[in-house]
Amino acid sequence: MKNIMRGATLLLLCFVLVLSACGKGNNGAENGNQPGSSANTGNQPEEKVEEITVAFPLVSTSQQDLQLVEDEINKIAEEKIKVRVKFLPINAGEWAQRMNLIFSGGETLDLTFVSGLMYSNMVAKGQLIALDELLNTHGEGIKNTFDEKYLNATKINGQIYSVPTVRDLAGSYGLTMRKDLVDKYNIDIEAIQTLDDVENLFKTIKESEPHIVPLVPGGVGQSFRENYVFVDPLGDFMGVLPNYDNDLKVVNLYEMPEYKAFIDRIRKWYLEGYILPDAATNKTTTFELIKSGKGFAYMALQKPGFAAQESKASGTPMVTKELIAPVATTSNVTNAMWGIPVNSKHHEKAMKFLNLMYTDPDIVNLFDWGIEGKH
């Protein structure tokens, strides 16, 4: 994993709802002159409509009106690129097992969501085709959506096997706090710049609200090291790049003075009562701890709109303060992608539809949000 771009701007969209985001929002009417459009050239014979199967994980159990959405998408795709789409939503908890069955059984699949955790393994098993040539011939919209550095981040042995979704491609770590207490004690969140500032804030909350724990974990089973990452972990948090750079010189995390200082600080906060006493074994979600009034703040990976997202999830108004500047790494970029399986019988059609998902606003809005005025 390598450092891709410091200070990258985060984009707002969440997991499944962002799997096919619209990139730069090119006008669909302009696509007629792009590879993969429906524009006829010369006296070529009428292109045959082909059906492709598109798989993606479904976080919720509801598939209400999916067929209606599929039908609306197909009206556009058939006219523009002679493609009919058959969606194959798979419960996220069953995703890995179902994918293994699809590939081992040779089941036809033309386009699939690819998670970063599975990506290199899928390429090693020969489950995905290289997309470089198809991107050049039918993926102009995709290539125009991303800076070349983002596409290069997906390369394995010099080839692209999946393309990133348009979403938050970078991450910034920071503190998320209850707005009511921030307002009550006139806390200037812009003045919070360092962990020393955070510590002073926790002291105020602890002294003023003794029944509230200043800091709770960012998630069940998560350590504070995971919630505040000041190194590029390079996958395993052992050999790391300090400050996400260090001239690409890898060092041992456990030998870093900064790591020892962070661990010592967390221990100090724990002893002073700033941290949830059973943080290591706690089974209550972060949102429940906040909603019930037991916790004040937590550290987490952030992005634009994160405060609104967390406020909705906990049912409590929240505010955030960035503590580490946004950084994009290979793991960020490859976290959620699209790829064409080796089982596909329609490689070109799959790429044409994929390109449409990055360029046609009607396709994107239907896939992300459903039918306007109905969903």
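A short reminder: the numbers here are calculations on the coordinates, not readings from a lab. The model shown is predicted, which means the values in this text are computed figures rather than measured ones. Every residue, glycine as well, gets a Cβ built from its backbone with ideal geometry; the counts of neighbours run over all protein chains shown.
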Self-check item: Charge dipole magnitude, Cβ of K and R +1, D and E -1 - the chain, Cα centre, debye nearest 20
Solution: 600 debye
Practice problem: Over 22 Å between C-alpha atoms is what I'm after, so list which of 86/345; 303/374; 75/352 land there. | Solution: 303/374
Quiz item: Which FRET efficiency, nearest 0.05, do residue 272 and residue 104 yield, Cβ-Cβ r, R0 41 Å?
Solution: 0.15
Quiz item: What is the set of long-range amide H partners of residue 168 at a cut-off below 5 Å, with H atoms built 1.01 Å from backbone N?
Solution: 11, 13
Quiz item: Going by alpha carbons, how many degrees (0 to 90, nearest 10) lie between the helix axis of 257-271 and the longest principal axis of the chain?
Solution: 60 degrees
Quiz item: So for the range 136-211, taking the charge dipole from beta-carbon charges (+1 Lys/Arg, -1 Asp/Glu), which of 171, 192, 139 sits furthest toward the positive end?
Solution: 139
Quiz item: Using the reciprocal of the averaged 1/r over all distinct C-alpha pairs, how large is the Kirkwood radius of the range 147-216 in Å?
Solution: 15.7 Å
Practice problem: With the cut-off at 26 Å, report for the chain the share of all Cα pairs above it, as a whole percent. | Solution: 58 percent
Practice problem: Write down the radius of gyration of the range 172-325 and its Dmax, each obtained from C-alpha positions, in Å. | Solution: 15.5, 46
Exercise. Treat each spin label as a single point 7 Å out from the Cα along the C-beta direction, and report the residue 75 to residue 238 distance in nm.
Key: 5.6 nm
Quiz item: Contour minus end-to-end for residue 294 and residue 345, with contour as 0.36 nm per residue of separation and end-to-end as the Cα-Cα distance?
Solution: 12.9 nm
Practice problem: Using Cα pairs closer than 8 Å and at least 6 residues apart in sequence, work out the relative contact order for the chain, in percent. | Solution: 36 percent
Exercise. Report the local net charge at residue 341: Lys and Arg +1, Asp and Glu -1, summed over other residues whose C-beta lies under 12 Å from its C-beta.
Key: 0
Practice problem: Please give the helix 195-208 orientation as an angle from the longest Cα principal axis of the chain, in degrees from 0 to 90, rounded to the nearest 10. | Solution: 60 degrees
Quiz prompt | Estimated distance in nm for a label pair at residue 308 and residue 47, the labels positioned 7 Å out from Cα along Cα-to-Cβ | solution = 3.6 nm
Quiz prompt | Listed peptides 185-196, 335-346 by packing density, highest first (mean Cβ within 10 Å) | solution = 335-346, 185-196
Practice problem: Take every DSSP beta bridge whose two residues both sit in the chain, then give the antiparallel share in percent to the nearest 5. | Solution: 65 percent
